[in-house]
1. So which of B:THR198, B:THR172, B:THR204 ends up being in the same structural domain as B:THR245 (by TED's automatic domain parsing), in a helix (DSSP H, G or I), in contact with a strand residue (DSSP E or B) (Cβ under 8 Å, 6 or more places away or on another chain) and not hydrophobic (A, V, I, L, M, F, W, C)?
2. Pairs needed: first member in segment A:687-702, more than 7 Å from every other protein chain (Cβ to nearest Cβ) and within 15 Å of B:GLU270 (Cα to Cα); second member anywhere, surrounded by fewer than 18 Cβ atoms within 10 Å (Cβ to Cβ) and aliphatic (A, V, I, L, M); C-beta distance under 8 Å; at least 6 residues apart or different chains.
3. I'm trying to understand the selection: among the residues of segment B:193-223, which are under 23 Å from B:CYS43 (Cα atoms) and within 12 Å of chain A (Cβ to nearest Cβ)?
4. In segment A:219-230, which residues are in a loop (DSSP other than H, G, I, E, B) and at pLDDT 95 or above?
5. Can you tell me which residue within segment A:232-251, out of those that are among the hydrophobic types (A, V, I, L, M, F, W, C) and in a loop (DSSP other than H, G, I, E, B), is surrounded by the fewest Cβ atoms within 10 Å (Cβ to Cβ)?
6. Going by the structure shown, is A:GLN639 outside the structural domain of A:ASN374 (by TED's automatic domain parsing), modelled with pLDDT under 90 and either out of contact with any Phe, Trp or Tyr (no Cβ under 9 Å at 6 or more places or on another chain) or not acidic (Asp, Glu) (or both)?
7. Only one residue in A:GLY122, A:GLY146, A:GLY165, A:GLY150 is on the phi > 0 side of the Ramachandran plot, surrounded by 17 or more Cβ atoms within 10 Å (Cβ to Cβ) and not polar (S, T, N, Q), so which one is that?
8. Being among the β-branched types (Val, Ile, Thr) and over 22 Å from the mean Cα position of the chain (by Cα) is the filter; apply it to segment A:54-80 and report the residue that is surrounded by the most Cβ atoms within 10 Å (Cβ to Cβ).
Amino acid sequence: MSKTKIDRRNFLKVLGLGGAGAALAGCDMPSYVTSEEGVEKVYSYLAPEEYVIPGIGVWYASTCTQCPAACGVHGRVREGRVLKLEGNPDTAANAGKLCQMGQAAIQTHFHPERITQPTIGGKPATWDEALALINKKAGNASWVTGTVSGHQRVLMDAHLGTGTGRHYAIEVVNSRPWEDASAATLGDARPNLHIDKARAVLTIGADVLGTWGNPVKSMRDYGNFRDAPRGVLMAVEAAMSLTGANADHWIAARPGSEAAVTLGLGHVLMTKHGISPAGMPSAALAFKNMTPARVHELSGVSEAQLDKIADTLMANSPSLIIANASHAAAKTAQVLNLMLGNVGQTLTPGAALAAGGLAPVTGSSKDLVEFAMNAKAGKVSAAFITGTNPAFLAPASLDMARALDKVGFKVAIASFVDETTQSCDVVLPLSSALEDWGTHVPAFGGNPGDVHVQQPLMERVHADTRGLGDIVLGLAKEAGVDGLGDFEDYYGYLRTAVSAMIDSDLEGDWNRVLQAGQATSKSAPTAFTTGGDVALGYSEAVKSGGLSLITAARQGIYDGRHANLPWMQEAPDQISKAVWDSWAEINPKTAAGLGVKDGDYVTLSTAGGTVTTRVFTYKGVHPDAVCVPMGRGHTNYGQYADNGVNPLSILNAPSGDMTASEIIGSATPVTLSATGDNRHLIRLMDIDSQHGRKLVATIPATQFDRNQGGA
Amino acid sequence: MPSLLGNIFDIWSDYLKGNEQGGHHKYEHMYSMVIDLDKCTGCNACSTACYAENNLAWVGEEKFGARQAMNWLRIERYFDEPDMDAAGDGHGMEQAAATQSDTQDRGASFLPMMCQQCNAAPCEPVCPVAATYHTVDGLNAQVYNRCIGSRYCANNCPFRVRNFNFYDNAPTAWPAPMDQGLNPDISVRSKGVMEKCTFCIQRTRAARDTAKREGREIRDGEIQTACQQTCPTSAILFGDLLDETSKIAQVWKRQQMKLGVYKQDKANPELRGYRIFEELNVDPKVLYLERVREV
């Protein structure tokens, strides 16, 4: 029997069913049955486990955790080892597809540098010793994580409920400006996007195909979007993203001026196309004031370019504008979506899970800043850190080292040693995602109520690692959370919780959930609430003349979490085609002005510090911008990540309230000086021109239309 | 009696036939690929899937810079658009540099490039040991055990899609326990051996065996290459050209594309299908569909 008193209300709460009103049919706890049973006996391989057929690969469903998108996967298991991941065709969020980061999950799983045993103060320890210390010192702990959802989140919440700590969800690559703007204008933070139904898509500082939202879902929709009748893709950004690299019209805007361009677009739509934001006098006023001349002054975007965008949007309805450059730009973009009649067509209401406790807590850089501030103020007595690396992600001005120092007791739950774990008092070795149980609710792209189930695809590679759910469950039980006492492990908890969620505790139904890799929770469609007036703004700070440093996340290395994967290091960057190092993207005109050329080392100096890296010139970056993609420049992330520079460290100090822009959207004044050294940047190919050969042939869209798209 | 010389003569005569009469005549299947460049986003999902599926070794910065990477499938990226060049004289870049604005007007052009499985493969007749030949599946195969590393084949490949093992890459590429993730269906190649895209031959073989066991033909769409399977925009199509009902055969037909010619004679020249370096008369079996952009 449980040692704590359970009442039904608390029991439902810890299962993530708070408010669901789900009837629990039977409360017997299933025991944990795994292939580890009988492990003390050695069997001849002549009598293999019944599910192992030598030479035959079997596919099992699970969930990818390489980025916050939480795509469903099928893993190929042969002779007890997982060998290859493919997208799960049944999960709407990715429909059978996977990006390169998902493909590389195998490398994360079998990585030679995984942490294999607990350490206390850097010295090997046993789990019992580590947990005893934690139980003694980690009272009122906060959770510092990336984006989390599902039952891991429920347990973290339950654990937090026993103390005074709070949850910091940190992702510097995020969709926060869009989510906040959508909540403010539509009353729904994450409306469904229908790129495939749009005839024209305009992205403003949102790398929809690369790193924003669920890029796999976006790319899938993009594939359909390009079928006849072919959609037109436009991108406004300071440096070319993967989305921009696929755009029909690419418009370079000065860093930080994206909101002004968006307002200017509203001006053109009002004055030249006669549509206005109904019932939004302050928005209309903001549009009116942002004349094309003013847009040009602030951003360098010409009136002709604004006209072209406006004409294209008007001629191809419904359209869709996705902005993530800044909070102001995102808000303005949503007002434009309302004006253009896109809301209800390419933007539809999302759904709210009945079990609200499972919903994703999407990360932001706001939480990074708040964590640093609170820690420095001595308000974080203890912290569990997992799935994020604040010491690497924080700009130097946040002084994260001092912040972490001020946290009384820090526990890292991690698979790899990194800049953050090295400062933690206790490090608990985490199972890989392919060895662990869990549930994940995709923040973008799933069907209403989709809950993706993560199940182990093989035995643990390192026996002394533990799953995240098991660790959190143990902590929550120790902290005295009601209703968890009977669960021996996370599997037992998860099975009960999921069974309750789907209103069935039948063995067959549970097996079907595992087979499908997903379960459906009850959900209710949300409704848009529009019509209120919205105040729109932009940044006055941007001016011509000086150079601004910006950074960009690229699918692959991402925010730096995949820099330790050789496959990702060696996958050429989509834009520069460089491998195994950082580079600074500079416009050829700017480079000529500075007297630097490809391969020259330059030192970038900002108020936050300096980094030195090589120049890569191309025309996909605004002449006033210098773009250094993020993710490299680790100081303690293993042998494979030991290259490049970290531009995040020298970015501007973020403003306190973080309502202006995310860290990576902030343009930081920078000066460049050549060091005099030059070394060839290693790239997949050293030419950017086809030299007149028919390698990638391009035809005008009119020809495509004449032939109804052909194939 | 099969002999080395016999193998070489076979390859030569196949090559000649392919060159003069268009295609081989011994094929049971003719696997082909169609890549829609208007859908390709250049995201790298396919090339990474290829690393995972085919036991491709990563080599590190230095060897990558020495063009010793083992990427069977690479995404080339170009910034000029020679075809969109107003003058139409094929000098898009030079013109663009003179007339364009300071920044790009459009995005980049991406090109997934892998072995084109040429019917008249120029790599084959130059191999001194007949290590590369055509299979009955219509694929250009590499016999690792025969290969002596002369590298003539790579020299003769106009697409530069053959990768030579200059080093024994395995110990660095798969330090324990990474070796546990190797695909047991295919080998790990050692030093001195040439390797290349096989159109995921292990998947083809598996499907063939399954079909045989079940006493039926291989179904269209039953075989998916790793790159095709993962491509988020479904830009890649794979199938058997000899099966006239297959999706891929229909695309070739709709695009009015013919095998065995070095210049297409289309009734509608505006259709998007084309083959790269077709004029070299190597008869590639990868059909690309032109990229489309608004002007």
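The values are calculated or read from the model by the stated rules, or taken from the named source; none is laboratory data. Worth saying up front: this structure is predicted, and the values here are computed from it rather than measured. Positions of Cβ are generated from backbone atoms using ideal geometry, with glycine treated the same way; all protein chains shown enter the neighbour counts.
1. Result: B:THR204 is the single residue among B:THR198, B:THR172, B:THR204 that is in the same structural domain as B:THR245 (by TED's automatic domain parsing), in a helix (DSSP H, G or I), in contact with a strand residue (DSSP E or B) (Cβ under 8 Å, 6 or more places away or on another chain) and not hydrophobic (A, V, I, L, M, F, W, C).
2. What qualifies is A:THR702/B:VAL295.
3. Matches in segment B:193-223: B:CYS200 only.
4. The answer is none; no residue qualifies.
5. A:ALA247
6. No: the conditions fail for A:GLN639.
7. A:GLY150
8. A:VAL77
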